[in-house]
Amino acid sequence: MQAEQISIFIENKAGRISDVTGILADAGVNIRALAVADTSDFGVLRLIVDNNVKAEEALKKAGFTVRKTKVVAVKVEDRPGGLHSILTTLKQAGINVEYMYAFIQQTGDKAIMIFRFDQPEEAIRVLTEKGVTVVDERTLSTL
Amino acid sequence: MIFDIEYETMPREALEAIQLKRLQATLSRVYATVPFYRKKLDDAGILPGDVKTLKDLQRIPFTTKQDLRDNYPFGMFATPMANVVRIHASSGTTGQPTVVGYTARDIDTWAQLMARALSAAGATRGDIIHNAYGYGLFTGGLGVHYGAEKLGASVIPVSGGNTKRQVIIMRDFKPTIMTATPSYALHLAEAAEEMGVSFKDLHFKAGVFGAEPWSEDMRLEIERKLDLNALDIYGLSEVMGPGVSIECTEAKKGLHIFEDHFIPEIINPNTGEALPYGETGELVFTTITKEAFPIIRYRTRDITTLNPEPCICGRTHVRMKKVSGRTDDMLIIRGVNVFPSQIESILMQVEEVEPHYQLIVDRKDNLDTLTVRVEIGEKLFSDEVKKLQELENRISKDIKETLGVSAKVQLAEPKTIARSEGKATRVIDNRKK
Ligand SMILES: [Zn+2]
């Protein structure tokens, strides 16, 4: 049930993110979600794309350090408290969220959040039990 | 295999007694026969007879490469030309060449030591040695050659160059030991591959590589591509040539220096102060048996560490760490000597691979600052910023603890550190601007 995210190391230099998006555009890869975490010197660009193989190949060829990470895509109800109830569930189960970000696409009245957990399998189990929908990789790439 | 059990495994006490006796004899001889040394000792107010212990050697002034150039070509010879049977010279790419000479006994000593070195690498009289060191003014080719013959092995004097023919010889003559510079060994591997010859089908068991600095990473690459045990040999023409020190196959951790012929010291390259075992600094050599070209406290400019711990191979001779750099690369940061190679080995421990890095030194408010840029490879990269910051801090802490210098560590994208001829520019010293 886990989805794959591509993480890229970038130095904090002007235009570096657009270099990445340019490479992916040239490779015909569509970016479905993007988040940047950074410090004063460097950042980690996290991407969900429609074709991981192509994306990784193109980025590595361009000299980037790329890593694939398992993440969990969760449907969040688009209403006040929607995210909060999910986070509460996780907190009660003792699962840590390393980071999270929003998926660009919405599905109906639900938003999709991408989570990186310390215990992804446990997180999926707890959330599914609570009736929360976890989106699998295939569905994610066809959204 | 130990070629000379008596001398190579001699208890330290007996070894040091021999060293002292030989040192005293050498000093008396150079004082009597080489005007350069006589003047040096006179100026320092020391007579050869004042050297009563090995420690007294530290009172004698150093000899530098410049001294050799100043006495070009034969000014440092300690014997009349009639006794000299061989002359070698360094290439002189960085100035005037340095010229060295050997008496018949020097040639025999050299052959003995080279035979010891080949034995330490696993060679026996049953082996066929493919000697791809260049024959000529350079000491590599002939030095190994005479040692191989002394050992009783069969030596193929193939020398450098004509790589395709070398591959055919390797295939047809079935040599079992290769002697070459590490870069030429890799070149041979490439040529063999192009010719459809696999080293797996060849018969090499070991390679003795030297005459240029090479990294642990390069060792792994050679061992993988050439399918042999790669050992490091050290030598320099000013001291003798190849065979000054060698790694043993048993430990493969440091090069045994043949101390019954050479006295090694490690000094602080800034102050000239002698450093204790275990500390990193410039390697200094005194020869104690050479006749034609003895040399006293010669500054090699090579950076290493001496390790006196007993070795599992049984040799009692001190081991020097693989030479990792030159004093020319030394940086002084807030009064502390820093060698890029020291940072490199710290990074190597963190990454377990050869790191690409760059040291940037600046001066801010009259204070030196050191920034270490490290290219991040896939192995260390994490999608979590926190972990990357921890990595930076860990490297910084290791540098502080090992070198006593604060450094800011900056992770960099791969291939962003400028390279010239494939090698990264290791140091940018902005203080010089
Ligand atoms: Zn040993």
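The values are calculated or read from the model by the stated rules, or taken from the named source; none is laboratory data. The structure displayed is predicted, hence computed values, not measured ones. Backbone-built Cβ (ideal geometry, glycine too); neighbour counts: all protein chains shown.
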- What do you reckon, is B:ILE266 away from the ligand (no atom under 16 Å from the Cβ) and closer than 18 Å to B:ARG319 by Cα? yes
- Query: Given B:THR304, B:THR316, which one is away from chain A (no Cβ under 14 Å) and crowded, with 22+ Cβ neighbours inside 10 Å?
  - Reply: B:THR304
- For residues that are within 14 Å of chain B (Cβ to nearest Cβ) and in a helix (DSSP H, G or I), tally how many sit in segment A:10-30. 5
- Query: Can you tell which of B:MET320, B:MET348 is over 18 Å from the mean Cα position of the chain (by Cα) and not polar (S, T, N, Q)?
  - Reply: B:MET348
- For segment A:67-78, indicate whether the set of residues that are part of a loop (DSSP other than H, G, I, E, B) and in the same structural domain as A:ILE124 (by TED's automatic domain parsing) is non-empty. yes
- Note on the structure: Counting only residues in segment A:104-132 that are within 14 Å of chain B (Cβ to nearest Cβ) and not in a strand (DSSP E or B), the one nearest to A:VAL44 (Cα to Cα) is identified as A:ASP118
- Only one of (1) within 14 Å of chain A (Cβ to nearest Cβ); (2) assigned to a strand (DSSP E or B) is not met by B:GLU390, so which one is it? (2)
- Note on the structure: When every residue in segment B:212-254 that is among the hydroxyl-bearing types (Ser, Thr, Tyr) and closer than 17 Å to B:GLY122 by Cα is compared, the one farthest from the ligand (Cβ to nearest atom) is B:TYR234
- Can you name the condition, by its number, that A:ASP78 falls short on among (1) acidic (Asp, Glu); (2) free of Cβ contacts under 8 Å to residues at least 60 places away in the same chain; (3) over 17 Å from A:THR133 (Cα atoms)? (3)
- Task: Take segment B:109-126 and flag every residue that is aliphatic (A, V, I, L, M) and crowded, with 22+ Cβ neighbours inside 10 Å.
- Result: B:LEU113, B:MET114, B:ALA115, B:ALA117, B:LEU118, B:ALA120, B:ALA121, B:ALA123
- Please go through segment B:202-221 and pick out each residue that is in contact with a helix residue (DSSP H, G or I) (Cβ under 8 Å, 6 or more places away or on another chain) and at pLDDT 95 or above. B:LEU202, B:PHE204, B:GLY207, B:VAL208, B:PHE209
- Query: So which residues in segment B:15-42 are aliphatic (A, V, I, L, M) and surrounded by 13 or more Cβ atoms within 10 Å (Cβ to Cβ)?
  - Reply: B:LEU15, B:ALA17, B:ILE18, B:LEU20, B:LEU23, B:ALA25, B:LEU27, B:VAL30, B:VAL34, B:LEU41
- Message: Considering only segment B:279-297, I want to know if a residue exists there that is within 14 Å of the chain's Cα centre (by Cα), away from the ligand (no atom under 16 Å from the Cβ) and either within 14 Å of chain A (Cβ to nearest Cβ) or within 22 Å of B:GLU401 (Cβ to Cβ) (or both).
- Response: yes
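Rundown of residues vs (1) in contact with a helix residue (DSSP H, G or I) (Cβ under 9 Å, 6 or more places away or on another chain); (2) acidic (Asp, Glu); (3) within 12 Å of chain A (Cβ to nearest Cβ), yes/no style:
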{"residue": "B:MET330", "(1), (2), (3)": "yes, no, no"}
{"residue": "B:PRO355", "(1), (2), (3)": "yes, no, no"}
{"residue": "B:LEU370", "(1), (2), (3)": "yes, no, no"}
{"residue": "B:GLU375", "(1), (2), (3)": "no, yes, yes"}
{"residue": "B:VAL385", "(1), (2), (3)": "no, no, yes"}
{"residue": "B:ILE417", "(1), (2), (3)": "no, no, yes"}
{"residue": "B:ARG431", "(1), (2), (3)": "no, no, no"}
- Check on B:LEU113, under 20 Å from the mean Cα position of the chain (by Cα) and either more than 16 Å from the ligand (Cβ to nearest atom) or in the same structural domain as B:VAL244 (by TED's automatic domain parsing) (or both): yes
- Would segment B:332-340 turn up any residue that is within 16 Å of the ligand (Cβ to nearest atom) and either farther than 30 Å from B:LEU41 by Cβ or not assigned by TED's automatic domain parsing to the domain that holds B:ASN393 (or both)? no
- Task: Can you work out which of the residues in segment A:87-103 that are exposed (fewer than 15 other Cβ atoms within 10 Å of the Cβ) and in a loop (DSSP other than H, G, I, E, B) is nearest to the chain's Cα centre (by Cα)?
- Result: A:ASN96
- Answer yes if at least one residue in segment B:371-393 is aromatic (Phe, Trp, Tyr) and closer than 21 Å to A:PHE42 by Cα, and no otherwise. yes
- Can you confirm whether segment A:76-91 contains a residue that is out of contact with any Gly (no Cβ under 6 Å at 6 or more places or on another chain) and within 12 Å of another protein chain (Cβ to nearest Cβ)? no
- Subset tally (residues that are at the interface with another protein chain (Cβ under 10 Å from one of its Cβ atoms), surrounded by fewer than 21 Cβ atoms within 10 Å (Cβ to Cβ) and among the charged types (D, E, K, R)) for segment A:31-69: 5
- Message: All but one of (1) within 23 Å of the chain's Cα centre (by Cα); (2) in contact (Cβ under 8 Å) with a residue 60 or more places away in the chain hold for B:VAL99; state the number of the condition that does not hold.
- Response: (2)
- Determine, yes or no, whether B:PRO308 is within 16 Å of the ligand (Cβ to nearest atom), assigned by TED's automatic domain parsing to the domain that holds B:LEU27, out of contact with any Lys or Arg (no Cβ under 6 Å at 6 or more places or on another chain) and closer than 18 Å to B:LEU54 by Cβ. yes
- Item | Of the criteria (1) farther than 24 Å from B:ARG22 by Cβ; (2) modelled with pLDDT of 95 or more; (3) touching a strand residue (DSSP E or B) at 6+ places or on another chain (Cβ under 8 Å); (4) of a type in the set (D, E, K, R), which one B:GLU291 fails | (1)
